[in-house]
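Accompanying notes for the structure given below.
None of the figures in this text is laboratory data; all of them are computed from the coordinates on show. Just so we're clear, the structure is a prediction, and the values are computed from it rather than from any experiment.
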């Protein structure tokens, strides 16, 4: 799936018309915290890493990121492309 296709499909499920950016930013923070909590439990509390739950929470993070970009009229493809370009400059010798 292409990033822009994901962004458009995800936008179909966005509810509300007011305070969308705030809602998405707060949701992003909350979902990121859930990813962190899974990693913390795995790293420090000897829990098994639940890959299904991690995948679900990472998907929620992706949804919120895509909707912040949508709100700002930024193509999700452009977000991904810009990030890879910056990483290539920062780590030019990495494959």
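Points worth noting:
- Mean residue ellipticity (222 nm) of the chain, computed from DSSP H runs ≥ 4 via -39,500 (n - 2.57), nearest 500: -25000 deg cm²/dmol
- Counting only the Cα atoms, the chain fills a convex hull of 139 Å³ per residue.
- Highest-MSF residue in the chain out of 49, 65, 21 [GNM, Cα springs under 10 Å]: 49
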